[in-house]
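Readers should treat all values here as calculations from the given coordinates under stated rules, not as data from a laboratory. This is a predicted model, so every value here is computed, not measured. All Cβ positions, glycine included, derive from the backbone under ideal geometry; neighbour counts span all protein chains shown.
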Amino acid sequence: MLWIERFESLAGYQASNVEELNHKITEGSATKHPAWEDLIEIKNIAQEIKKIENDIKIL
């Protein structure tokens, strides 16, 4: 579910990853206000995914 949310958020800006979205924001091709908020949310999702993957490895 988190992967889908991450994908949908990035797809909305036609970006394939966080770095690409950050670049688009910096160069001005993505509107800053909602894009920055989405970027923060995407980064939080990525951290959550890492935590879940680590928990699975421990099990």
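Summary of values
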item	result
Test: residue in the range 24-36 that is surrounded by 13 or more Cβ atoms within 10 Å (Cβ to Cβ), basic (K, R) and without any contact (Cβ under 8 Å) to a residue 12 or more places away in the chain	yes
When residues of the range 20-31 are limited to those that are more than 23 Å from L2 (Cα to Cα) and assigned to a helix (DSSP H, G or I), the one nearest to the chain's Cα centre (by Cα)	T26
Residue that is nearest to N44 (Cα to Cα) [pool: residues in the range 3-19 that are more than 10 Å from the chain's Cα centre (by Cα) and not small (G, A, S)]	I4
Any chance L21 is in contact with a Phe, Trp or Tyr (Cβ under 7 Å, 6 or more places away or on another chain), surrounded by 10 or more Cβ atoms within 10 Å (Cβ to Cβ) and not hydroxyl-bearing (S, T, Y)	yes
Of all residues making up the range 37-56, the number that are without any contact (Cβ under 8 Å) to a residue 24 or more places away in the chain and surrounded by 14 or more Cβ atoms within 10 Å (Cβ to Cβ)	1
